[in-house]
Structures are given as C-alpha cells and as structure tokens.
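Written out below as structure tokens is the structure these notes cover.
Please treat every number below as a calculation from the coordinates, not as lab data. What you see is a predicted model, and the numbers here were worked out from it, not measured in a lab. Every residue, glycine among them, receives a Cβ derived from its backbone with ideal geometry; neighbour counts consider all protein chains shown.
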Amino acid sequence: MQQIWRHQFVSLLANLKVAIALLLLIALFSISGTVIEQGQTLDFYKENYPEHPALFGFLSFKVILAIGLNHVYGSWWFLTLLILFGSSLTACTFNRQLPILKASKRWFYYTKPQSFAKLPLATEISNGNLQQLADCLKARNYHVFQEGDRLYGRKGLIGRVGPIIVHASMLLILIGSIWGSLTGFIAQEMVPSGNTFQVNNITEAGIWSASRVPKDWSVRVNRFWIDYTPKGNIDQFYSDLSVLDRDGHEVDRQTIHVNKPLKYKGVTFYQANWDIAAVRFTLNNSPILQLPVRKLESTTGGRQVWGTWIPTKPDLSAGITLITPDLQGTFLIYDEAGNLLTTLRTNGQMEVNGITLTLKEAIGSTGLQIKADPGIPIVYAGFGLLMAGVIMSYVSHSQVWALQVGDRLYLGGKTNRAQVSFESELIDLVTDSNLHLHTDCAIS
C-alpha cells in the first residue's frame, strides 16, 4: 500500500500540469516580492499599506506581515514552493526524460516491407542500393547500423539530451536560490567619511547566515564625495573604501560607485545612498568643532536640506541656524528670527554676536548596501547550462530505416521536430545517392 501511494505521489509530481501550476505560483509570489517593498520597518508598512482603505480591499500591513510578503524570498512557504518545483522537475526527469533518452539510444531493424507503412514518411525505390544509401547517410552525419539487407540510421541524439540538461539547469538555479536564501544576508550601513565600521545593521538573513557575517575584518570609509553636473544635479557618488584585518592593517582598497561594488571574501558592498552627517567649523581661534546635522524637509518643492543650530555664546543663549542643500559647499545662515543673514562657501567666514564663524566643510555619509549570497555562482552556472540545454533541445532527433528486398529498397523515417525539413532531407538523400523513385511511389 505504501509503495502504491509513493508511486502515485511521484506520478503526481511528474505531471506537467502540476509543474506549470507550481511555476505560476512561484512567478506570482516573485512578482509580489518585487511590487511590495521587502525588509522595511513596521512603520513603513503601516504608512503605505493601511487597513482603511486596504489595497485591493484586503491587502493591509497586517496581511503582509502575517503572510510574510515583507520577506517573500526567505519565507518558509516560498522555499517550500521551490523545493516542490525542484522535486517535480526531478520526478519528470527520471520518469519521462531519461526513459525517452534510453529508448532513443536503442535501435532495431524493420524486417518486413509492411512495417514501413507505420512511419510518417516512407517510400519504395526501384533498383535501390542499400550501400549507397548508407554512405550518403554517413555523409549527412547519421550514425548508421547495417546488418545484411537491413539498415538503421540516426542523428541528433543530443536533442534528446537537451531537455534533461534544461531540467538539470533549472534544478541548479533552484538549489542556488535556496542555498542563498538560507546562508546569505543583506545589510545596510550609513557611514560618515573617516569612520570604520563592521557589518551590524542586518535587514535580512538566512537561518545559516551567521558564519557569513564578517567578524575578523572591518571597512573604513576613507572619503565620500559626489560629482555634480554643471546644472547642480548629482552625476555620480563615490566611496573610497579600505578593508582592514583584525589588527587594523589595510588588505584591500577600492573606490566604488553605482554599478561598481567592492567584493571581498564573498561579501559585496554596493554604493546605494548618501547623507550629510555633520558640519565642521571654528569659532574665533578655537579647534575645529563638529556638530551633527539633521535632514529637513524643504518648504519649496519637497527638496531635502540639512540643518543644525550653532551656538555663538558659551551659555547657549544665542546662535545661528545653518542650512545646506548638498555637498557642494554652500551654507545658508539664518538668525534666531529666521531671517537669512548671509550665504557662505567652504572656508568662508562671518561675524556674528561678536565672534568669527569659519565653516570648514560638510561631512558626507555613504549609504552602503551589503550582500552575501553564496548561491549566486550556482545560479549563474545554472543559467549557463540552461542556455546550452535550450540550444541542444532545438536539435532534431531524426531516424531512418531501410530494407533491401531484391531490387526494391524500402526507405522511411521520422523526426521529433522540423518535419518539413526532414522530408526535404529524405528527398535530397534519394537524389544524392543516385537512387530512383518508383514511378507510382512517392514520399508520403
């Protein structure tokens, strides 16, 4: 009974309709993982997916969090779908594709002229020569088997291997995806220029990802800067990063920008965002002082600006407000009443409340997205194998049989695709081998 149940379960997995249904479910949830932002905070989902009104009447933040649509690709049900689809591919490979390949490798002869009537393409040739036909088939890259007055030829067996390669490649892609979900992680860090950090702010992590998080090395942001266009728009932003070992020695150094990440020991650092962390200044002849700045919402056009309050008296009873819109070195100075006093550039000075304020620079912060995905090489290998398998699958598997009975040569064949081309090939085969078609016979 158990064996019967197991056989029925395997047959169900190998069913094409089941495989298509699983693939459609995977595609549907993959789309949802693309549309719905992944790995965001609870406040983000409450703000963007409220209960009243719910998106489509039902999709609220509670549904998203309950189902796990906020981390689709690492959820247990999505991994289960991948495993079921992989099991379906495996069952189909062993139940269908491998037997088809095994059957294609077996060959036999037709021993009776009546047998050729079963073939989709067949003809009877008068004064035909079996050896001439064999030589012509070999010239067309057929693998020919001949015994006495019987002949069998085939080519394109690799076309039967192609679907198996496609299945194997898809299994590799699934294995790579699952392995990456279980052992990889995603982190985000916002680091001011000159600071050293270790990866701590992990937003997504697999259950076996702890060993992948760097613990014996760190990264220093030597410098962060932005290139602007002549119109003042951002052209590109850069981070000069150094990888430091446990003792603080530099083991690697690279300048990254968008689409050019830093890769070290399986961890990739992408340039993803930026911010302004602080402003440096002096009061009279004081040492360089540093105050953090805060991102503010501009009253014009929603543009982001950064600001801070700088005291100009020791008892903090007076001060000025500093606003800067970017890292180009422009600072707007306002008094306590909100009136614009002046505009300064980097290293610019002004007199306020009896002191000399010198603005040195704004300190930028680089926003880094950090990923470790050990499954990527497996996925890439799977896609490479998939392309090879698809190309192989387009090769037609063609078979030809022939039987010599006196001066009559019976010829027939079949193919799994490109039927018209195969028929033309048989006609050319008869012509090239100097065989003569019987007057009342034709390939049919």
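Over all directions, average the projected area of the Cα convex hull of the range 268-323 and note it in nm².
Answer in nm², one decimal: 6.1.
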Net dipole in debye of the range 185-372 [+1 Lys, Arg Cβ; -1 Asp, Glu Cβ; about Cα centre; nearest 20]: 400
What the Cα atoms of the range 216-279 span along the principal axes, largest first and in whole Å, is 44, 28, 14
Bin width 5 Å, origin at 0, all Cα-Cα pairs of the range 43-183: what percent of pairs per bin? 2, 7, 11, 11, 10, 8, 8, 7, 6, 6, 5, 5, 4, 4, 3, 2, 1, 0
Using Cα-Cα distances under 8 Å and only pairs 6 or more residues apart, what relative contact order does the chain have, in percent? 21
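Under 8 Å for C-alpha pairs, at least 6 residues apart: give me the relative contact order for the range 2-91, rounded to a whole percent. Intermediate values should be presented prior to the final figure.
Values: 65 pairs, mean separation 39.2, N = 90.
Relative CO of the range 2-91 lands at 44 percent.
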Would you please classify the overall shape of the range 279-387 from the alpha carbon gyration tensor, given that a ≥ b ≥ c denote the square roots of the eigenvalues, rounded means a/c under 1.5, and beyond that prolate means a/b larger than b/c while oblate covers the rest? prolate
Using Cα-Cα distances under 8 Å and only pairs 6 or more residues apart, what relative contact order does the range 236-300 have, in percent? 20
Using θ = phi - 60° and Karplus 6.51 cos²θ - 1.76 cosθ + 1.60, couplings along the range 127-135 (whole Hz; Gly, Pro as x): 6, x, 10, 5, 5, 4, 5, 4, 4
Would you grab the residues whose amide H sits under 5 Å from the one on Ile276? Only those 5+ places off in sequence or on another chain, please, with H modelled 1.01 Å from N. Ser365
Counting only residues 5 or more places away or on other chains, whose amide H sits under 5 Å from the amide H of Lys360 once H atoms are built in the peptide plane? Arg280, Phe281, Thr282, Asn347
Highest GNM mean-square fluctuation, the chain, Cα pairs closer than 10 Å: which of Thr312, Thr203, Thr229? Thr229
Under a 5 Å amide H to amide H cut-off, with H placed in plane at 1.01 Å, what residues pair with Asn416 once short-range neighbours are removed? His397
Expected max-MSF residue from Tyr73, Tyr110, Tyr394 in the GNM of the chain (alpha carbon, under 10 Å) is Tyr110
What list of ³J(HN,Hα) values in whole Hz, one per residue of the range 379-385 in order, does the Karplus curve 6.51 cos²θ - 1.76 cosθ + 1.60 (θ = phi - 60°) give from phi, with Gly and Pro shown as x? 5, 4, 4, x, 5, x, 5
Cβ-based charge dipole, the chain, positive-most Cα from Gly128, Gly148, Tyr228: Gly148
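Order these by the 10 Å Cβ neighbour count, fewest first: Val305, Val221, Val390. List each step's numbers first, then the result.
On the way: Val305 18, Val221 21, Val390 14.
Ascending number of Cβ neighbours within 10 Å: Val390, Val305, Val221.
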I want to verify a result. In a Gaussian network model of the chain, Cα cutoff 10 Å, which of these has the top mean-square fluctuation: Ser104, Ser286, Ser218? Ser286
Report the Rg/Rh value for the range 185-372, based on alpha-carbon coordinates and the Kirkwood definition of Rh. 1.05
HN-Hα J in Hz across the range 264-271 - Karplus 6.51, -1.76, 1.60, θ = phi - 60°, x for Gly and Pro: 8, 6, x, 10, 10, 10, 9, 6
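If I take R0 = 45 Å and measure r between the Cβ atoms of Asp407 and Ile20 in this structure, what FRET efficiency does the formula 1/(1 + (r/R0)^6) give, to the nearest 0.05?
Numbers: r = 53 Å, r/R0 = 1.18.
Result of the calculation: an efficiency of 0.25.
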What helix-only [θ] at 222 nm does the chain give? Using -39500 (n - 2.57) per DSSP H run of at least 4, over all residues, to the nearest 500, the answer is -10000 deg cm²/dmol
Rg and Dmax [Cα atoms of the range 2-91; Å; Rg one decimal, Dmax integer]: 16.9, 53
Acute angle (nearest 10 degrees) that the helix 158-183 long axis makes with the longest principal axis of the chain, alpha-carbon atoms: 20
Along the dipole axis of the chain (charges at Cβ: +1 for Lys and Arg, -1 for Asp and Glu; origin at the Cα centre), the most positive-end residue among Phe383, Leu409, Ile173 is Leu409
Answer with a single label: of [x] 23.3; [y] 24.1; [z] 29.0, which was calculated as Kirkwood radius over Cα pairs in Å from the structure in view? [z]
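Evaluate the charge dipole of the chain about its Cα centre and quote only its size in Debye, nearest 20, assuming +1 on the Cβ of each Lys and Arg and -1 on the Cβ of each Asp and Glu.
Dipole about the Cα centre, nearest 20: 1500 debye.
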Candidate aspartates and glutamates for bridging to Lys62, where Cα separation is under 20 Å - those fewer than 8 sequence places away on the same chain excluded: Glu37, Asp43, Glu47, Glu51, Glu204
